[in-house]
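The values are calculated or read from the model by the stated rules, or taken from the named source; none is laboratory data. All values derive from a computational prediction rather than experimental measurement. Using ideal geometry, Cβ is built from the backbone for each residue, glycine included, and neighbour counts are taken over all protein chains shown.
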Amino acid sequence: MKTKHLTMLAVCCIVTIFIVGIPFAQATEESLLNQGATSFVESVKETGFLTAANDEIIAVVDGWKITQADLDNRINEHEFFNKEEDISDIFNVLFEEAALYSQAEGLGVLATDVEVKQYVEDILKDRDVINFLKQNPIFNDSLYYYAFKFITYNNVYQYYLNEGRELGLISPSWTYNEDVLSCYPYGNGDDYYLEKTLEFKKNIDWTGTNTLRPTVDKLVQVSETTVSPNNILFEDESVEENDNIVDEILAFNPTVNASGSGTLVCAASNWGPVSLKYNVHYHAEKYIDSSYTELGNQDILITSAAVGDLPREYRDRVYGGPTNSSVAYTSSGSQVASFWSWNKSYWGSYIINYLVWGRGSYGGLLGSSSNNYYVKATGGMLVEDSTLISGGSITIKSNTF
């Protein structure tokens, strides 16, 4: 027994040294993942979401336990994000998470220890994330749990998308074509997923040891209404949204363009640290009127294939768009003009077909057409209710025109 204790201590110490500055609680969770006899996923079910706590059990949802430590930690996280929310609402979210885990367990799509470990390892490759965890230890106790939640939510979402498509209830691929959507009672599938998860939650068995009671007639993490633009405008024409929208935009053959890639790393409330890759595309057309050069309609598109892989509840919180005006410079680097202001909110655009977008407007005169110019434009992404760790926006430079 003494040897076993010494071995476990050595493992924990090695993990703690390897991830510099991340407190012992996180190393303890990683040691759980490395133990063949103890499953991290099983420990979440049996001892609560924060496996290191093993505190007083305040609710059991179809076998999944919620502890007082879980509730206290989530309250502290809400305070970290300056979110004022009633304790009963926070408990409601914990209840809903436990209900979905039970549903995932029945469907056979619970996140595995291997998946959780790989997710965390990928996140911790980013030095900014490690520094964030050192400065904000509130997330250390829940890092592996949020990886487990993120993967499991997405697994359930994908399960019901596949089921709905096999039954002919959901469109074969994501589309905004109304003629296609009218052929399927559940359109792109979000409503089918929500119906299935809500139906399960209403009929789940649960017990509680305090006065908190869950709301079982709605999904508390999903807004009841979402607003999305119906089209993207470019060159005063409406471009129908579909999977080839970027190709259609490029079909206008703009004479001024640029693109760049970035990575948004943030800590989002109820989801923990997440990393999302995205691209920024800038398009404009040049006109020469008499002796003056002029830029016409301009667009910035923020695209991210990674958004399509997010759990439905998380995906609805992704926003993006331009962050400042487009600025023109001479070839020598001196500023010539700032063409337009993005009047709408910085993050006022909504996710479209897994494309986050921002629309430009008409530009202005630059000066003599004999001069060469280039444009700098900035765009990026944001996750609602999140704290930025790094990479919220990037600036791209156009070709010379």
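Of everything in the range 116-154, what is among the charged types (D, E, K, R), without any contact (Cβ under 8 Å) to a residue 12 or more places away in the chain and part of a helix (DSSP H, G or I)? Give them in sequence order.
Result: 121, 127.
Sort out which residues of the range 386-401 are surrounded by fewer than 16 Cβ atoms within 10 Å (Cβ to Cβ) and outside any loop (DSSP other than H, G, I, E, B), and write them in order of number.
Within the range 386-401, 397 is the sole residue that qualifies.
Could we say that residue 111 is surrounded by 15 or more Cβ atoms within 10 Å (Cβ to Cβ) and part of a helix (DSSP H, G or I) here?
No.
Among the listed residues 32, 50, 94, identify the single one that is of a type in the set (A, V, I, L, M, F, W, C), farther than 27 Å from residue 387 by Cα and either at pLDDT 90 or above or touching a helix residue (DSSP H, G or I) at 6+ places or on another chain (Cβ under 8 Å) (or both).
32
Residues in the range 140-160: is at least one farther than 23 Å from residue 307 by Cα and touching a helix residue (DSSP H, G or I) at 6+ places or on another chain (Cβ under 9 Å)?
yes
Out of (1) in contact with a Leu (Cβ under 7 Å, 6 or more places away or on another chain); (2) under 19 Å from residue 317 (Cα atoms); (3) modelled with pLDDT under 95, the odd one out for residue 156 is which?
(3)
Failed condition for residue 176, given (1) modelled with pLDDT of 85 or more; (2) in contact with a strand residue (DSSP E or B) (Cβ under 8 Å, 6 or more places away or on another chain), with all others met?
Residue 176 satisfies all of (1) modelled with pLDDT of 85 or more; (2) in contact with a strand residue (DSSP E or B) (Cβ under 8 Å, 6 or more places away or on another chain) except (1).
Name the residues in the range 63-95 that are acidic (Asp, Glu) and more than 18 Å from residue 221 (Cβ to Cβ), would you?
Across the range 63-95, the qualifying residues are 72, 79.
Could you please find all residues in the range 164-195 being within 28 Å of residue 98 (Cα to Cα), charged (D, E, K, R) and surrounded by fewer than 18 Cβ atoms within 10 Å (Cβ to Cβ)?
165, 166, 191, 195 - these are the residues of the range 164-195 that are within 28 Å of residue 98 (Cα to Cα), charged (D, E, K, R) and surrounded by fewer than 18 Cβ atoms within 10 Å (Cβ to Cβ).
Quick test for you: out of 97, 79, pick the one residue that is loosely packed, with under 14 Cβ neighbours inside 10 Å, in a helix (DSSP H, G or I) and either without any contact (Cβ under 8 Å) to a residue 24 or more places away in the chain or in contact with a Lys or Arg (Cβ under 7 Å, 6 or more places away or on another chain) (or both).
The conditions single out 79.
For the range 121-135, name all the residues that are within 27 Å of residue 101 (Cα to Cα) and exposed (fewer than 15 other Cβ atoms within 10 Å of the Cβ).
121, 122 - these are the residues of the range 121-135 that are within 27 Å of residue 101 (Cα to Cα) and exposed (fewer than 15 other Cβ atoms within 10 Å of the Cβ).
Check whether at least one residue in the range 215-234 is among the charged types (D, E, K, R), closer than 25 Å to residue 64 by Cα and at pLDDT 90 or above, and report yes or no.
no
Which of the residues that make up the range 164-190 are over 20 Å from residue 315 (Cα atoms), in contact with a Leu (Cβ under 9 Å, 6 or more places away or on another chain) and not hydroxyl-bearing (Ser, Thr, Tyr)?
185
Which of the following residues is at positive phi and either modelled with pLDDT of 85 or more or assigned to a loop (DSSP other than H, G, I, E, B) (or both): 333, 321, 363?
Testing whether each residue is at positive phi and either modelled with pLDDT of 85 or more or assigned to a loop (DSSP other than H, G, I, E, B) (or both) leaves just 333.
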